[in-house]
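Q: This structure is in structure tokens; I'll ask about it shortly.
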Amino acid sequence: MPTQTLPPPPPLGVALRHLREEAGWTQTALEAAAGLGPTAVTKLERGVHHLGRAEAERLVRILGYPEGTLDRTFAVVEQLPRREVVEDSPDALTPSEYQAVEMAAGGLGRKTIAAARAEFGATLRARRWYADRKAAGKVWKRFHRLAEEVRKTLVAGDPDHQTWAFAERLCFESIREASHDADQARKLADLALAAAERSPGAESWRNVLVGFALAFAANIWRVLGDFQQANRTMGRSEELFRVKAGGFGPLDATWVLHIRAVLWSYQRRYENALSVLAEALAIAGRPDQRARLLINRADVLKRKEDYAGAVQALREAGAEAEKAGDERNRWAIAFNEATYLCDFGNFIEAEGRLPPLRKIAFRSGKDLDLLRLKWLGARVDSGLGRRAEAAASLAEVWDAFAGRKLWFEAALAALELASIELERGRTREVKLLALSSSPVFAAQKFPDELLASFALFWEAAQREVASSETARQLLQALRRAGREAGGST
């Protein structure tokens, strides 16, 4: 007598059984909780009694699952292998063909579900991050008009000023402000760090956010010329923010790597800087990210005196900046190209690059961009023999840097100005410069022997016996010391 086969349980019954067992409930426990008679759940799961959609949804809610669980489970059930129907017909699949179909369908189902989960999850996260950043933008509109003490109070006590998105916004505002007012940029970086330290969520996430903010704080110390503090701050950042596969959620890890590379470059650890930039370029998916990193790479290669490599990196950066429509990066690329032309001694071509750069700088309204452009113009004037014009521009540059407490740049500009004025025989002007610049050089954190050399030079300048050659030598020594200071402890 042939064995009697039972009909397969319905998909809803299979889904209910899976969810019940996954939740750790017995059939008896579910019957009691749902107000059903004995064996009712058994019969529903096997298909002996009809299980409608509404009843299935009710039972799943009792089991403690959220809305939509039944649909997701039902989709999985649909992917389960079908029972093979044996039929002796050319139209029927052979057993081996049937097995191949089921294996392919199962694999496709898993891949489709995994891809859908990943894509939909990414979309939902991106929407939430966008909403968080939009809210932070609204908070910033009010915040940036407030007095410094009010800002500190809000970051210390108001949850709206302690979100990850607001901490991130403060970090980026510190970058923007650095090209206008470095002291204000430092205050913003400090507030970003305070917001990150108070942000809600798991400690592991908060540590990552703090590490992100510390990198921006290190950047501002570099801009201010305090390379030792920049290096210490970046060391703390590296302990907390270690780049990993999958990234750090909404935070852009390429910014942290970018800043690290800049500091490595200032320490003349060029291979380390290039390695960090290669790591950043490998995870940079957007043209604006790649343009920024390639500009950084060009600067490192220039410091290595690999001018051909630097020019090539700038060309690549230009192509990425065009894709992104990023005027800020386009300006930086054009400025660096003009600087390289001066390095090559091609001052006439460099002069031709200045007018369009001025247009962009005036349009952006960033004072430090205009100041650095005036400094570049002074270099062009000096190279073309227009020393009076160069000296006039450098006098403005040096005074403006000192006023902004950008001591390192102020010291460089002062020595450059002294060199040109001594070439012109204007020893009295250099004597006056010596008197006004002494606090700037006293503020530098460089080796004692170098500071002693500065003191001797300015003492000679006050006696009107200093030489232009000594000024140029000290200028080169100061540039070297500035790069090496980042590696000091």
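The values are calculated or read from the model by the stated rules, or taken from the named source; none is laboratory data. Since we're looking at a predicted model, the values are computed, not measured. A quick note on method: Cβ atoms are made from the backbone with ideal geometry, for glycine too, and the neighbour counts reach across all protein chains shown. Ligands, DNA and RNA are stripped out before the accessible areas are found, and what is left, the full protein with its side chains, is counted by its heavy atoms. Shrake-Rupley method; radii C 1.70, N 1.55, O 1.52, S 1.80 Å.
Q: Kindly list the number of the only condition in (1) closer than 13 Å to LEU474 by Cβ; (2) surrounded by fewer than 15 Cβ atoms within 10 Å (Cβ to Cβ); (3) not acidic (Asp, Glu) that fails for ALA442.
A: (1)
Q: Can you report the number of residues in the stretch 449-465 which are under 46 Å from the mean Cα position of the chain (by Cα) and either surrounded by 13 or more Cβ atoms within 10 Å (Cβ to Cβ) or under 17 Å from LEU412 (Cα atoms) (or both)?
A: 11
Q: May I pose another question? Applying the selection to the stretch 156-207, what residues are among the acidic types (Asp, Glu) and either open to solvent by less than 60 Å² (accessible area, probe 1.4 Å) or not in a helix (DSSP H, G or I) (or both)?
A: Hits for the stretch 156-207 are ASP158, GLU168, GLU173, GLU177, ASP181, ASP183.
Q: Here's another thing I want to ask about it. Assess whether LEU450 counts as being over 23 Å from GLY377 (Cα atoms), outside any loop (DSSP other than H, G, I, E, B), hydrophobic (A, V, I, L, M, F, W, C) and modelled with pLDDT under 90.
A: Yes; evaluated as a whole, the condition is true for this residue.
Q: Among the listed residues VAL300, VAL311, which satisfies the condition of being under 19 Å from ALA230 (Cβ atoms), open to solvent by less than 50 Å² (accessible area, probe 1.4 Å) and out of contact with any strand residue (DSSP E or B) (no Cβ under 9 Å at 6 or more places or on another chain)?
A: VAL300
Q: Turning to a different aspect of this structure: If a residue must be under 16 Å from LEU368 (Cα atoms) and hydrophobic (A, V, I, L, M, F, W, C), how many such residues does the stretch 317-332 contain?
A: 2
Q: Right, another one. Evaluate the stretch 209-229: report whether one residue or more is more than 16 Å from ARG186 (Cα to Cα), surrounded by 24 or more Cβ atoms within 10 Å (Cβ to Cβ), of a type in the set (A, V, I, L, M, F, W, C) and out of contact with any Gly (no Cβ under 6 Å at 6 or more places or on another chain).
A: Yes, some residue in the stretch 209-229 is more than 16 Å from ARG186 (Cα to Cα), surrounded by 24 or more Cβ atoms within 10 Å (Cβ to Cβ), of a type in the set (A, V, I, L, M, F, W, C) and out of contact with any Gly (no Cβ under 6 Å at 6 or more places or on another chain).
Q: If a residue has to be crowded, with 18+ Cβ neighbours inside 10 Å, within 15 Å of VAL14 (Cα to Cα) and in contact with a Ser or Thr (Cβ under 9 Å, 6 or more places away or on another chain) to count, how many in the stretch 30-48 make the cut?
A: Qualifying residue count, the stretch 30-48: 1.
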